[in-house]
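Here you go, one structure.
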Amino acid sequence: MSECLTFQMGKYEARFPADLFYTRNHMWMRTEGRRLVFGLTAYAVRLLKDVYFLDWQTSAPVEVERGQEIGSIESSKALSSIFAPVQGTLLRFNDDLLSDPSAISIDPYGAGWLFEMEGDASVALRPEDYVKFLDAGWEATQRALKKQVQGS
Amino acid sequence: MNPSKLTVVLSQAQGQHPVRRHLEENLASALLLEHGIDVSVIPHLYDLTEDHTGMLFLRSITGDIVVLSWLYPRAAHWMLDRHGVKGKPGEARLAGGEEEEEEEEEVGPASEDTEAIGDEEKPKPIEAADVPDRYIYTLDLRQQDRPEPYLEEIRRIAAECLGRRKNTLSEGHSASRAGEMKPRGFIARESIAGPAASRGNGRPGSEQLLATPARRRWYPVIDFSRCTNCMECIDFCLFGVYGVDAKDRILVENPDNCKKGCPACSRVCPEHAIIFPEYKTPAIAGANLGSISGLKIDLTRFFGGDDALSLAAKERDRELVRDGRSAVGLTAGIPKRQGARNKEGPRDELDQLMDKLDKLDL
């Protein structure tokens with residue numbers, strides 16, 4: 001992989017390839033012609049760690065709104081819904097992940113890709129802007145996580 | 001009702017889940033044979049209306065109660081509280097349970113130190129009102145798949161309650177206490193679960209007790225050990241679910257005004273005091289995250305691209321539009337706290353945080 005930007009999560013250095021775009025819900029985006037390929041960023045993967053369950057609520061192809069809930073993901077200590085990163089048509093899911101989602105953790109920018117879409121990519125951030133976005137939200141994220149860990 | 005007996009109430013799962021029914025039936029029949037225990041079966045606690053026989057029965061119990069349900073213990077406890085079935089939270093020690101150290105903070109009023117993490121001005125929880133001097137133990141039937149651990153725990157609780165009563169009696173003030181604690185809506189047990197009580201398929205309880213609730217319900221349940229009466233939920237909800245009681249305490253006044261599936265107000269609550277027991281994520285459904293094996297950190301608010309507030313506003317808009325009203329987005333009932341209050345609190349090293357997260361692995 002080419003150049004990377006980094007973001008320090010404590011001792012862990014999350015890496016973001018400079019040739020990709022990013023969304024605020026912690027997905028990376030690669031353009032292949034009109035097609036947009038999405039996956040989870042190293043930041044998201046660090047929060048999740050070992051993903052072992054992935055489920056999609058819809059079958060492709062399907063029209064989705066930006067922010068629409070489309071699936072859920074679970075690791076040994078965390079879970080989350082997954083939301084459409086942009087508005088458009090969801091063309092295809094990475095079916096290999098359904099039987100074994102571990103590629104999401106092992107190879108997030110490669111074999112761990114999640115789905116392909118066609119749609120409005122204008123909301124995507126350049127890598128440097130994504131890192132700035134992470135930086136700005138980092139304190140709040142830590143506080144919110146800590147609150148959950150303490151169950152308060 | 002025999003005061004020396006412990007009342008165990010088993011609240012059934014919704015629907016006809018065969019595995020769950022099986023555990024319920026095994027438990028109920030085993031409990032029938034236990035000495036010193038009265039067992040009754042009621043439908044799913046969350047679906048019971050005020051006037052359901054099962055609810056009237058629960059209110060008629062004056063002594064200690066064990067409630068077994070397919071709900072997080074915290075959710076069940078505050079659900080009962082809302083329905084006037086009040087008591088001190090008993091500390092359950094079910095293996096695989098989430099109680100352990102976490103539960104203690106709910107027991108006494110002296111819980112200030114549990115949140116003494118540096119922010120002195122943090123508002124205090126308002127705690128449950130008018131709690132009688134008895135204990136309610138809520139056990140989650142999802143924690144174990146065999147009846148034995150529950151039976152064992154119920155025996156332990158029975159002994160604990162008996163011991164406590166003996167102590168109280170010897171101190172000589174229990175009689176007057178018990179008198180003033182009589183729950184409202186008192187109905188003698190015999191009038192509900194009388195002659196029909198032990199008929200049929202070996203399960204206890206009358207058919208009235210088990211009458212199927214008219215429908216599944218959906219409403220918020222407030223945890224008053226967390227709620228600070230800040231009123232942000234009442235401002236945020238535009239469906240009139242919340243109100244205040246005579247003492248200006250927040251109250252789920254019109255539960256059935258609530259919109260099925262919508263957990264928006266719980267995301268807005270700064271203390272995470274609002275529980276939707278049937279919601280898919282454990283944090284909102286009333287789990288005590290962090291002290292548990294097998295329960296998960298909910299990252300949804302980070303992965304949604306939205307913060308909790310925007311997500312809540314979206315969920316609320318969806319329900320407004322469904323009702324033929326206009327979406328309001330972030331223009332109505334939005335908490336003033338955002339930012340200001342969140343600036344308090346210690347700054348934590350991520351490593352510590354991640355260590356804690358890692359410790360949750362089992």
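The values are calculated or read from the model by the stated rules, or taken from the named source; none is laboratory data. Keep in mind the model is a prediction, meaning the values are calculated, not measured. Positions of Cβ are generated from backbone atoms using ideal geometry, with glycine treated the same way; all protein chains shown enter the neighbour counts. The area values use the complete protein model at the heavy-atom level, side chains included, leaving out ligands, DNA and RNA. Shrake-Rupley method; radii C 1.70, N 1.55, O 1.52, S 1.80 Å.
Could you order B:Lys314, A:Lys11, B:Lys166 by accessible surface area, starting with the largest, using a probe radius of 1.4 Å? Let's see the in-between values first.
Numbers: B:Lys314 90, A:Lys11 170, B:Lys166 130 Å².
Largest to smallest exposure gives the sequence A:Lys11, B:Lys166, B:Lys314.
Further question: I need the peptides A:22-32, B:321-331, B:72-82 ranked by packing, meaning the mean over residues of other C-beta atoms within 10 angstrom, with the highest value on top.
Descending mean neighbour count gives B:72-82, A:22-32, B:321-331.
Next up: Ordering B:His83, B:His35 by how much accessible area each has at a 1.4 Å probe, largest first, what is the list? Let's see the in-between values first.
Numbers: B:His83 10, B:His35 180 Å².
Solvent-accessible surface, decreasing: B:His35, B:His83.
Figure the gain on full extension for B:Arg216 and B:Ser326 (residue separation times 0.36 nm, minus the Cα-Cα span) and round it to one decimal in nm.
Details: separation 110, 0.36 × 110 = 39.60 nm, distance 2.71 nm.
Using 0.36 nm per residue and subtracting the Cα-Cα distance, I get 36.9 nm.
Past 20 Å, Cα to Cα: identify those pairs from B:Lys5/B:Lys88; A:Lys147/B:Lys124; A:Lys11/A:Lys132; A:Lys77/B:Lys259; B:Lys122/B:Lys247; A:Lys132/B:Lys122, in the order given.
On the way: B:Lys5/B:Lys88 18 Å; A:Lys147/B:Lys124 16 Å; A:Lys11/A:Lys132 18 Å; A:Lys77/B:Lys259 30 Å; B:Lys122/B:Lys247 22 Å; A:Lys132/B:Lys122 31 Å.
Exceeds cut-off: A:Lys77/B:Lys259; B:Lys122/B:Lys247; A:Lys132/B:Lys122.
Suppose each label sits 7 Å from its Cα in the direction of the beta carbon; what would the B:Glu34-B:Asp245 distance come out to in nanometres?
2.9
Let me ask another. Indicate the gyration tensor shape class of region A:1-57 (rounded, prolate or oblate), computed on the Cα atoms with a ≥ b ≥ c the square roots of the eigenvalues: a/c under 1.5 is rounded; otherwise a/b larger than b/c is prolate and the rest oblate.
It comes out oblate by the Cα gyration axes.
Further, regarding this structure: Taking the Cα centre of region A:4-146 as the origin, how large is its charge dipole in debye, to the nearest 20, when only Lys and Arg (+1) and Asp and Glu (-1) carry charge on their Cβ atoms? It would help to have the intermediate numbers written out before the result.
Values: 15 positive and 20 negative charges, 108 e Å.
The calculated dipole for region A:4-146 is roughly 520 debye.
In peptide A:78-85, what is the residue-averaged number of other protein chain Cβ atoms found within 10 Å of each Cβ? Don't jump to the answer; show the numbers that get you there.
Numbers: counts 9, 11, 10, 9, 3, 6, 1, 1.
Mean inter-chain Cβ contacts per residue within 10 Å come to 6.
Something else: Within 10 Å of each Cβ in A:66-76, how many Cβ atoms from other chains are there, averaged over the peptide? Each step should come with its number before you reach the end.
Working: counts 1, 6, 1, 3, 0, 0, 4, 3, 2, 4, 5.
The shielding value for this peptide is 3.
Looking at the square roots a ≥ b ≥ c of the eigenvalues of the Cα gyration tensor of region B:227-273, which shape do they give, rounded for a/c under 1.5, prolate if a/b is larger than b/c, or oblate?
Numbers: a/c = 2.12, a/b = 1.17, b/c = 1.82.
Note, shape of region B:227-273 comes out oblate.
If you scale each eigenvalue of the Cα gyration tensor by 5 and take the root, what three semi-axes come out for region A:4-146, rounded to whole angstrom and sorted largest first? Before the final figure, lay out each step's value.
Details: eigenvalues 98, 66, 39 Å².
Semi-axis lengths for region A:4-146 are 22, 18, 14 Å.
Let me know the mean shielding of B:281-288 by other chains, meaning the per-residue number of their Cβ atoms within 10 Å of its Cβ.
Counting Cβ atoms of other protein chains within 10 Å of each residue's Cβ and averaging gives 2.
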